[in-house]
Amino acid sequence: MKKFDLNSNLQAVYEKFPEADYRPLIGITGNHAGEDAALRDPYYEQVVRAGGTPVIIPPVADESVIVNTLDHVDGLLLSGGADYNPLWGGEEPIPKLGGINSKRDLPELLITRLAYNRQIPIFGICRGMQTLAMAFGGHVAQDISATATIKHSQDCHRSEPTHTVVIEPDSQLAEIYKSEKASDSEKTTILVNTLHHQAVDDPGTQFHVTAKAPDGTIEAMESSEHKAILGVQWHPEWLGKEGLKLFQWLVYQAHNYHTAKQLHQRILTLDTHCDTPMFFPQGIRFEQRDPRILMDLHKMTDGRLDSVIMAAYLPQPKMGEAFSSVAPHTARFTPNSYANNIFDQIEDIVEHQKLHLSLARTPADLYEDKRKGRKSIMLAIENGLALEHELANVERFAQRGVVYITLCHNGDNDICDSARGCNTHNGVSTFGEQVIREMNRHGIMVDLSHAAEKSFYDALDISATPIVCSHSNCRALCDHPRNLTDDQLRQLAAKGGVAHTTLYAGFLRKDGQASILDAIDHLEHAISIMGIDHVGIGTDFDGDGGVTGFADASEALNFTLHLLRRKFSEKDIRKIWGGNWLRVMAEVQRAISN
């Protein structure tokens, strides 16, 4: 019997501790009819049954409202409803187009794209699945009656299944509905309801089809980029326990997202290598979401990435050639002045965005910036060519704030031989030995990414402080001279150094068809050889780094989500996301006073 007594109902709450029972916040896009924003009961009831906390998102196209909404939700449910205006797909309406809902179109397309940027789990139902296609370059058929051979708009109650769909194996949907008796290669058939006259006929490149009706109508699709995004054409909110499975999937993914989001609030995340400054001559706008670069303030914010080390990359001319011969934008510079010009431009960017960006020199600077809500940039040099054979430039770069120098690039220089060189010095040169000792003296980390094996071992013997490989993978998984052998990994760890997995596809797989899963495989192999205290991530964004699932800085959180799925602990993730690197940096910088 209901108690019509507020205090007794409050007491029932006070006798528990509901705050300890966190239930992921699921934002549900609301319908709009007449003057009302509305939502059918089964949507939010299924979310509650699945263990989530439903909130209705009204159809509002204000960008700030959408962004602030997404800052709080852990999952997004795109609900069903009326047709899209075909003009969003560049088409004129056909006679059989149903009623459109202009109030919903733009708000839902915007929120879907922005949620995708933030790695928020998304589940689309009917119109919601069509929203996914419309938002990402797919195509929705305005009416399927000409191709359908079964009825897709049932007359009976919505809770009654009226046809079957066949689910593709090796998909998230198959995992949700897989029978205990079914093998991984078998297709699964389930019963669904059907309440539509439109359907996705092309999912676009970011999705793949995972279920079809007997007449070939596409009934489900999911992310082809290893993300928690799923759409179905039927209405599982009406299908009781069978439909509940999909809502449980969403709530589970939302819980993981919430965990990753909270984790990124607590830990410092550092990407140890990007080449974004290469694009400065194009007039990039770091404070905007600039499509020409993979690392900018927008993408760092979306990916909840705190800090990045930006390298002044210097291409290596052939022996006897001038530096100006390697690229048009270097024509008016010497190697040293080019590096300093890059640093000047980074300082200008920081100065114009000083409320949101800061230059950092030490681990303490990074932690202070995080506390104050700023992103951090650190400076590095990729190719010791920038020293111009003058030891005094080591000290000058140290004073400028350079935290590491990659001794060489793709070609031997006056410091050492490259992995892609011709063994000019048989390892580190006499001058190179002086450079390493001078870097030790001034607290600059010695980076051996790109170095030949002999150079690597020579530097390991010469350096009085641990060395680093800011962006290098494992040769055992991809036989490439740029990658590190297991023995190199062991010796590096024995001397206290770190090797950071990079996202250059050719260093992850010989065929170059790499994804975020391959990057994690390399990371896990390095851990198996070196231990958890000697690994990290250096993306090489804007230096040809970037793979499916971790294609730019906005997808940094997706990397954490995959680490959580592989049962990495918070302590380990903290180490991977820069903790190990900062330990080495602190040790190298302490050597200045010794």
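The values are calculated or read from the model by the stated rules, or taken from the named source; none is laboratory data. Computed from a prediction, not measured in an experiment: that's the story for all the values here. Cβ: placed from backbone, ideal geometry, glycine included. Neighbour counts: every protein chain shown. These accessible areas exclude ligands, DNA and RNA; they are computed on the full protein's heavy atoms, side chains included. Shrake-Rupley method; radii C 1.70, N 1.55, O 1.52, S 1.80 Å.
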Report task. Would you please list the contacts, defined by Cβ atoms under 7 Å and residues six or more apart or on different chains, that run from a residue in the stretch 311-322 that is closer than 18 Å to T424 by Cα and modelled with pLDDT of 85 or more to a residue that is among the aliphatic types (A, V, I, L, M) and part of a loop (DSSP other than H, G, I, E, B)? Result -> P315/V326; P315/A327
Query raised in the report: Is it the case that the stretch 502-518 has a residue that's touching a residue at least 24 places away in the same chain (Cβ under 8 Å), open to solvent by less than 30 Å² (accessible area, probe 1.4 Å) and more than 27 Å from the chain's Cα centre (by Cα)?
Result: no
Requested in this report: Check the stretch 342-351 and report whether any residue there is in a loop (DSSP other than H, G, I, E, B), among the charged types (D, E, K, R) and in contact with a strand residue (DSSP E or B) (Cβ under 9 Å, 6 or more places away or on another chain).
Outcome: no
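Go over the candidates E19, E45 one by one and state the one that is free of Cβ contacts under 8 Å to residues at least 60 places away in the same chain, more than 27 Å from the chain's Cα centre (by Cα) and outside any strand (DSSP E or B).
E19
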Query raised in the report: Residue check, M278 against (1) touching a strand residue (DSSP E or B) at 6+ places or on another chain (Cβ under 9 Å); (2) modelled with pLDDT of 95 or more, all met but one. Which one?
Result: (2)
Query - Only one of D417, D447 that is over 31 Å from the mean Cα position of the chain (by Cα) and either closer than 19 Å to G496 by Cα or of a type outside the set (V, I, T) (or both) - result: D417
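Return the residues of the stretch 274-298 that are under 18 Å from F343 (Cα atoms), part of a helix (DSSP H, G or I) and out of contact with any Gly (no Cβ under 8 Å at 6 or more places or on another chain); say none if nothing qualifies.
T276, P277, F279, F280, P281, Q282, L297, listed by residue number.
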Report summary line: By residue number, the members of the stretch 200-210 that are crowded, with 23+ Cβ neighbours inside 10 Å and either part of a loop (DSSP other than H, G, I, E, B) or touching a His at 6+ places or on another chain (Cβ under 8 Å) (or both) are V200, P203
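Surrounded by fewer than 22 Cβ atoms within 10 Å (Cβ to Cβ), among the hydroxyl-bearing types (S, T, Y), assigned to a helix (DSSP H, G or I) and touching a Leu at 6+ places or on another chain (Cβ under 9 Å): does that describe T301?
Working: surrounded by fewer than 22 Cβ atoms within 10 Å (Cβ to Cβ): yes; among the hydroxyl-bearing types (S, T, Y): yes; assigned to a helix (DSSP H, G or I): yes; touching a Leu at 6+ places or on another chain (Cβ under 9 Å): no.
Answer is no for this residue.
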Report task. Identify all residues within the stretch 53-111 that are over 29 Å from L561 (Cβ atoms), touching a helix residue (DSSP H, G or I) at 6+ places or on another chain (Cβ under 9 Å), outside any helix (DSSP H, G or I) and not hydroxyl-bearing (S, T, Y); write none if there are none. Result -> G81, A82, D83, N85, E92, P93, I94, L97, I100, N101
Requested in this report: Identify the residue in the stretch 263-293 that is over 20 Å from F559 (Cβ atoms) and charged (D, E, K, R) and, among all such residues, is surrounded by the fewest Cβ atoms within 10 Å (Cβ to Cβ).
Outcome: R292
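Restricted to the stretch 486-501, and to residues that are open to solvent by less than 30 Å² (accessible area, probe 1.4 Å) and assigned to a loop (DSSP other than H, G, I, E, B), which residue is nearest to G384 (Cα to Cα)? It would help to see each step written out before you state the result.
Keep residues of the stretch 486-501 that are open to solvent by less than 30 Å² (accessible area, probe 1.4 Å), which gives 488-489, 492-493, 496-501.
From the residues that got through so far, the ones that are assigned to a loop (DSSP other than H, G, I, E, B) too are 496-497.
Details: G496: 23, G497: 20 Å.
By that ranking, first place goes to G497.
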Query raised in the report: Is there a residue being open to solvent by less than 10 Å² (accessible area, probe 1.4 Å), at negative phi, in contact with a helix residue (DSSP H, G or I) (Cβ under 9 Å, 6 or more places away or on another chain) and among the hydrophobic types (A, V, I, L, M, F, W, C) anywhere in the stretch 316-330?
Result: no
**Report entry** Members of the stretch 22-42 found to be over 30 Å from G99 (Cα atoms) and part of a strand (DSSP E or B), listed by number
**Finding:** L25
Query - the stretch 129-173, subset under 18 Å from K241 (Cβ atoms) and of a type outside the set (V, I, T), residue surrounded by the fewest Cβ atoms within 10 Å (Cβ to Cβ) - result: H157
Query raised in the report: For G536, which of the numbered conditions (1) touching a strand residue (DSSP E or B) at 6+ places or on another chain (Cβ under 9 Å); (2) assigned to a helix (DSSP H, G or I); (3) of a type outside the set (S, T, N, Q); (4) under 30 Å from I592 (Cα atoms) fails to hold?
Result: (2)
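From the list D369, D365, which one is over 24 Å from N473 (Cα atoms) and either without any contact (Cβ under 8 Å) to a residue 60 or more places away in the chain or open to solvent by 10 Å² or more (accessible area, probe 1.4 Å) (or both)?
Numbers: D369 fails: either without any contact (Cβ under 8 Å) to a residue 60 or more places away in the chain or open to solvent by 10 Å² or more (accessible area, probe 1.4 Å) (or both).
Matching residue, one of D369, D365: D365.
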**Report entry** Hey, E555 of a type in the set (D, E, K, R) and crowded, with 24+ Cβ neighbours inside 10 Å or not
**Finding:** yes
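Which ones in the stretch 115-133 are part of a helix (DSSP H, G or I) and out of contact with any helix residue (DSSP H, G or I) (no Cβ under 6 Å at 6 or more places or on another chain)? Step through it out loud before you land on a result.
Going through the stretch 115-133, the residues part of a helix (DSSP H, G or I) turn out to be 115-117, 127-133.
Hits for the stretch 115-133 are Y116, R127, G128, M129, Q130, L132, A133.
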Requested in this report: Determine whether L359 is over 26 Å from Q589 (Cα atoms) and hydrophobic (A, V, I, L, M, F, W, C).
Outcome: no
